[in-house]
There are 2 protein chains.
Amino acid sequence: MGIVERKMRHKEEIRTGILGAAWHMVVTDGWQSLSIRKIADAIEYSIPVIYNHFENKEAILLEFSKEGYQKLALALQESKDSVTLPADQLKVMAIAYWDFAFENKEYYQLMFGLGIPACEMVNQITEIKEMTSILVSTIREALIQAKNEEADYFLKYHGYWSILHGLVSIQMIENSGKTDAFKKMILKDAISGFCRSLAL
Amino acid sequence: MGIVERKMRHKEEIRTGILGAAWHMVVTDGWQSLSIRKIADAIEYSIPVIYNHFENKEAILLEFSKEGYQKLALALQESKDSVTLPADQLKVMAIAYWDFAFENKEYYQLMFGLGIPACEMVNQITEIKEMTSILVSTIREALIQAKNEEADYFLKYHGYWSILHGLVSIQMIENSGKTDAFKKMILKDAISGFCRSLAL
DNA sequence: CTACCTAAGTTAACACTGTTAGCAAATGTA
DNA sequence: TACATTTGCTAACAGTGTTAACTTAGGTAG
């Protein structure tokens, strides 16, 4: 009696088909060109079928946003685990954050693009907490290692993230002729400055 | 023979009418809801009239973006002029940058919102150079004051701007329950950390 | 095996969007 | 007064997200 299972599977197939088609369009032509109609065309179903799987277009974007936060959290965790000293962890995590952003520009723009619908409802995204907790815990460990526990870890966590995000997003909108090596120098300089501010 | 003058004046009136109506819509309902048709409706002219003054919708957004950069540059310059020591200038400019962003969220989102059309063509905006040169000159003066001229001023300028932008934009998407005082503490902490990295 | 019912998927529409071709009228010039 | 130019209009094209109403196919119960 695998009937309901087969139906479930089929439903899941359509869902992944929608996301796959949508993602393909996003990577090819950017967020602006994502359209329900074009998705329907790509998956060879009629338009309302999409609304059986997602409440609206924003829900699809939100799905990708969540995916992005998960991937970012994973990348940060992996890089963190590759070294032991908190001071080093902050450095490799910065590189990982940077690489994630530039290897997944579409994700990053969706996650942090001001004014984009999906970023406005960031409070509905629980996946963001995963990333936050990795950053916070590393900062706390770093402050303990530096014997600087009187510093406000929340303040420092926010500073760390802001530096990363600022560097990444300004480079992203500038797309100047700078080499990647130079860009990473800016990153390393800013992070080592931050580490000094932790008394590391 | 003030005929051409009168015509010019009339043309200018329509232009400012378009921008005024557009701005009103933006402030009231956000960028997403800006529409050529609604502008036409508001200024009580037909749709194609708008295309006599602006090539397309993006051109209108670009206009606001330029305005935003000018206002920001002005705010930075004024705050810079209010104190004499470069170290202090970096601090007051940070506050001014912050205040501009939160008192003009619409501008800031348009200027730096990743993925928004008007930000993609940031290279066509000459007004951005005004802001850049203020930041760069202050950083250079600060490095001279700190007798730290071997530091790469371009690197530091980028770091300074990135910290500001990162702090601002992350606070903007988070809109958490933090008080304004606490937010500014994060800002001051980050900037004083940055100043230390200049050897100030 | 037929009758029924539910769920899947369809068509067709509504209410919008940016943009432009073609036309009418108003205006200033010769 | 006749012409030319600017000015503005209507109406259309080609899209967009979204949904109401219908058809049809699949599985279930008598």
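The values are calculated or read from the model by the stated rules, or taken from the named source; none is laboratory data. Everything numeric here is computed off the predicted structure, so don't read it as measured data. Backbone-built Cβ (ideal geometry, glycine too); neighbour counts: all protein chains shown.
Quick notes
- Verdict on A:Leu62 being aliphatic (A, V, I, L, M), in the same structural domain as A:Thr138 (by TED's automatic domain parsing) and more than 9 Å from DNA strand D (Cβ to nearest atom): yes
- For segment A:55-78, the criterion of being within 16 Å of DNA strand C (Cβ to nearest atom), away from every other protein chain (no Cβ under 14 Å) and more than 30 Å from A:Ile186 (Cβ to Cβ) is satisfied by at least one residue.
- Residue selected from segment B:25-50 under the condition part of a helix (DSSP H, G or I) and loosely packed, with under 13 Cβ neighbours inside 10 Å, by the criterion nearest to DNA strand D (Cβ to nearest atom): B:Pro48
- Segments classed as helices (runs of 4 or more DSSP H), wholly inside segment A:98-200, with at least 3 members that are within 11 Å of chain B (Cβ to nearest Cβ): A:105-112, A:117-120, A:153-174, A:180-197
- Checked against (1) farther than 19 Å from B:Gln171 by Cα; (2) more than 17 Å from the chain's Cα centre (by Cα), B:Lys66 meets all criteria but (2).
- Filtered residue count, segment A:1-24, keeping only those that are within 11 Å of DNA strand D (Cβ to nearest atom) and within 22 Å of A:Gln124 (Cα to Cα): 1
- Among the residues listed as A:Met93, A:Met111, the single one being in the same structural domain as A:Ile173 (by TED's automatic domain parsing) and within 11 Å of the chain's Cα centre (by Cα): A:Met111
- Filter pass, A:Val83 being modelled with pLDDT of 95 or more and closer than 22 Å to A:Met185 by Cβ: yes
- Filtered residues of segment B:51-63 (kept if assigned to a helix (DSSP H, G or I) and more than 16 Å from the chain's Cα centre (by Cα)): B:Tyr51, B:Asn52, B:His53, B:Lys57, B:Glu58, B:Ala59
- Single residue of segment A:14-48 satisfying the filter (among the hydroxyl-bearing types (Ser, Thr, Tyr) and under 16 Å from A:Lys105 (Cβ atoms)) that is farthest from DNA strand C (Cβ to nearest atom): A:Thr28
- Any chance A:Lys11 is within 16 Å of DNA strand C (Cβ to nearest atom) and free of Cβ contacts under 8 Å to residues at least 60 places away in the same chain: yes
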